[in-house]
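Structure first, commentary second.
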Amino acid sequence: MTSIESLTLEVADTAAAHRFYTTLGLDSRVGLRSSDAPTTGFRGFSLSLTMSQPADVRGFVDAALDAGATSLKPASKSFWGYGGVVQAPDGTIWKIATSAKKDTAPATGRIDQMVLLLGAASVTASKRFYVERGLTVAKSFGSKYVEFDTQGSPVKLALYGRRALAKDVGVPVDGTGSHRLAVVGDAGAFTDPDGFGWEPASLTSAP
């Protein structure tokens with residue numbers, strides 16, 4: 001089964017990014033490397049952290065804002081649960097969410113799951129591309145959303161329409177240039193239909 005071993009964020013200031021992610025306890029979840037590749041607007045992806053209850057979401061969002069992140073969507077209740085969206089100083093968009101609508105215990109700050117959401121021009125075409133490279137579909141909602149079975153991986157992979165993803169995280173859909181992201185996995189080196197690059201673990205430094 002194809003799996004994601006880690007993610008590498010390409011940032012303009014690695015020292016500042018390291019401080020930010022270390023403060024939030026995410027330094028073991030993402031790698032960093034320096035890049036000055038041109039990029040503007042929406043980079044076509046977001047990272048989602050699933051937590052157990054609203055108190056954990058609020059605590060993480062507040063910590064991110066204190067560390068220099070920008071609020072894109074304040075933490076609030078919705079029909080699906082509770083969540084908020086922030087943009088890290090390096091430009092990466094993070095959605096923090098829980099399916100729970102009420103707190104049932106003191107906040108622990110524990111992250112249950114990390115999901116990489118790739119915005120696809122055609123979810124159907126990108127789904128076919130990834131299936132051909134060994135990924136197994138775990139959940140699919142037609143041409144709107146696909147989630148892959150990456151059991152055992154530290155990062156879950158999902159596809160969402162680019163416009164729908166931009167709306168979900170609260171940014172305009174337009175964007176050009178580098179995604180500023182490398183997906184590190186066991187499927188070799190390739191680039192998907194939307195320009196997201198995958199690299200073998202041997203080519204990437206550990207986080």
Next on the checklist: Could you go through region 188-197 and let me know if any residue there is out of contact with any Leu (no Cβ under 9 Å at 6 or more places or on another chain), within 17 Å of T92 (Cβ to Cβ) and assigned to a loop (DSSP other than H, G, I, E, B).
Outcome noted: yes
Next on the checklist: Tally up the residues in region 40-79 that are surrounded by 18 or more Cβ atoms within 10 Å (Cβ to Cβ) and among the polar types (S, T, N, Q), please.
Outcome noted: 5
Checklist entry - Do we find a residue being over 16 Å from S46 (Cβ atoms), touching a residue at least 24 places away in the same chain (Cβ under 8 Å), of a type outside the set (V, I, T) and surrounded by fewer than 17 Cβ atoms within 10 Å (Cβ to Cβ) anywhere in region 164-176? => result no
Checklist entry - Counting just the residues of region 130-163 that are farther than 24 Å from V30 by Cβ and surrounded by 15 or more Cβ atoms within 10 Å (Cβ to Cβ), which one comes out modelled with the lowest pLDDT? => result S140
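Do you know which residues across region 22-61 are free of Cβ contacts under 8 Å to residues at least 60 places away in the same chain and touching a strand residue (DSSP E or B) at 6+ places or on another chain (Cβ under 8 Å)?
In the first step, residues of region 22-61 are kept if they are free of Cβ contacts under 8 Å to residues at least 60 places away in the same chain; the result is 22-24, 26, 34, 36, 53-61.
Once the filter is applied, which keeps residues that are free of Cβ contacts under 8 Å to residues at least 60 places away in the same chain and touching a strand residue (DSSP E or B) at 6+ places or on another chain (Cβ under 8 Å), region 22-61 yields S34, Q53, P54, D56, V57, R58, F60, V61.
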Item to check | Unmet requirement for T14, which otherwise passes all of (1) farther than 13 Å from P89 by Cβ; (2) among the polar types (S, T, N, Q); (3) in contact with a strand residue (DSSP E or B) (Cβ under 8 Å, 6 or more places away or on another chain) | outcome: (1)
Checklist entry - Out of region 188-201, which residues are free of Cβ contacts under 8 Å to residues at least 60 places away in the same chain and over 15 Å from the mean Cα position of the chain (by Cα)? => result G188, A189, F190, T191, P200
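The values are calculated or read from the model by the stated rules, or taken from the named source; none is laboratory data. Being a predicted model, the structure only gives us computed values, none of them experimental. As a convention, Cβ positions derive from the backbone with ideal geometry for all residues, glycine included, and neighbour counts pool all protein chains shown.
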